[in-house]
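First comes the structure, then the notes that go with it.
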Amino acid sequence: MRILAIGPRAYLGDIYLTLRREGHEVRVFAEDPPEQRAFGGLIDCIADWRAELDWVGRDGVILFERVGRGTLQDELRARGFRVVGGSAFGDRLEQDRAFGQAMLREAGLAIAESHSFARPALALAWLGQHPGRYVLKHDDTARTTFVGDHPEGADLAFMLRRAGEGRVLLMERLEGVEVGVGAYFDGTRFLRPACIDFEHKRFFPGEMGEMTGEMGTLAAYDGSEPLFAATLGRLAPRFAAAGHVGYVNLNMIVDERGAWPLEFTCRFGNPGFAVLAALQPDGWGDLLARMASGGRRRPGRHAGALRHPPGLVRRHRTDGAALSRPYRDRHAGGGPAGLLPPPARRGRAGPLPPGGHADGGRPAAGPPPLRPPDDRHRHR
């Protein structure tokens, strides 16, 4: 099968390598400069994806990596191409947080109190009249979510003053276990079973340390159906009306009162796709080709861990954007600026290529009850 992948960078490079090993033809269009691109020399990159439409044809698959190109995907589907990734509706769910909350409310789900503002200055004025602990979220998904700790919102006010422009959402801060439920949507229905996942986002165990994008995830297909049916499954008619094709994840906080949906991810998540790969025995090519007819899933659980090289210690600029700053070894005698190289990454077969991931081993035989991590996760 021919697969044409499109994205701002080779975000799903591990999938592309796997597809090639399965015998599929893969061409990738990435917008980032070649000298900055991961998987250089390992995947076939092209200069113009539109020039490859005749090559992929109506029997191949066009795979979009990221959110924000949903309208284009809908147009390609209208022309008869098989497109996996998302839709204009999915883009809006993820990028317009107030709209996503409205869709959840319309589906009959309980949601946390939230307030949307056209710019941070309006949110700051509202916070002055309604002090408290809130979570700051940006419609621009590239911006960092900030979880307020101060009981009167002093830390949140500090961030709002430096947030720049753009629409923001202040959401009630909830305490509980963070959990996600997701499934592939084939244009008419969700493929079952759904996936349930637990993320660990703090740098250290025990809910200590700074927030990272993600430090590790436990995922399974077993035991997901009750939560899926009570939450994400209720939105199937809306996704069907939009002709959405791709993965959809709903993140939430679960406490003694029930599940509180927070936000949507309408794309392939990273490293979620790598964690799920071990539970898909038929491979990525089969999943992409048979999305309309379903696919088998392997029982059990699988976990993925992210290793941060010593030196990628995150900090924040005054405008709230995340930075990564290399750690400098005070005792390093050689090398430019004394930068420490990242440690060797190893899987069972030895060192991994850049961007690779280690197989966490075989999934557990038999489906023991899936329990959330011991740590109580704060609302992200």
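Before moving on, here are some points about what is shown:
- Among the conditions (1) within 19 Å of the chain's Cα centre (by Cα); (2) part of a loop (DSSP other than H, G, I, E, B), ASP91 misses just one, which is (2).
- Within region 26-68, being touching a Phe, Trp or Tyr at 6+ places or on another chain (Cβ under 8 Å), loosely packed, with under 10 Cβ neighbours inside 10 Å and of a type in the set (Asp, Glu) holds for one residue alone: ASP48.
- Applying the condition of being assigned to a loop (DSSP other than H, G, I, E, B) and among the β-branched types (Val, Ile, Thr) to region 1-51 and asking which residue is modelled with the lowest pLDDT yields ILE43.
- Residue within region 222-238 that is on the phi < 0 side of the Ramachandran plot and modelled with pLDDT under 90 present: yes
- Extreme residue, modelled with the lowest pLDDT, among residues of region 194-209 that are assigned to a loop (DSSP other than H, G, I, E, B) and over 19 Å from the mean Cα position of the chain (by Cα): GLU207
- Neighbours by Cβ (under 6 Å, 6+ apart or cross-chain): first from region 1-23, of a type in the set (Asp, Glu); second crowded, with 22+ Cβ neighbours inside 10 Å: ASP14/ALA274
- When region 116-140 is filtered for residues that are in a strand (DSSP E or B) and either of a type in the set (Phe, Trp, Tyr) or surrounded by fewer than 17 Cβ atoms within 10 Å (Cβ to Cβ) (or both), the ones remaining, listed by number, are PHE117, TYR134.
- The set of residues in region 163-172 being surrounded by fewer than 20 Cβ atoms within 10 Å (Cβ to Cβ) and either assigned to a strand (DSSP E or B) or not assigned by TED's automatic domain parsing to the domain that holds LEU127 (or both) consists of GLU172 alone.
- Against the list (1) on the phi < 0 side of the Ramachandran plot; (2) in contact with a strand residue (DSSP E or B) (Cβ under 6 Å, 6 or more places away or on another chain), the condition GLY85 fails is (1).
- The condition of being charged (D, E, K, R) and surrounded by fewer than 22 Cβ atoms within 10 Å (Cβ to Cβ) holds for ARG257.
The values are calculated or read from the model by the stated rules, or taken from the named source; none is laboratory data. Please read these numbers as outputs of a predicted model, since none were measured by experiment. Note: ideal-geometry Cβ built from the backbone for every residue, glycine included; neighbour counts use all protein chains shown.
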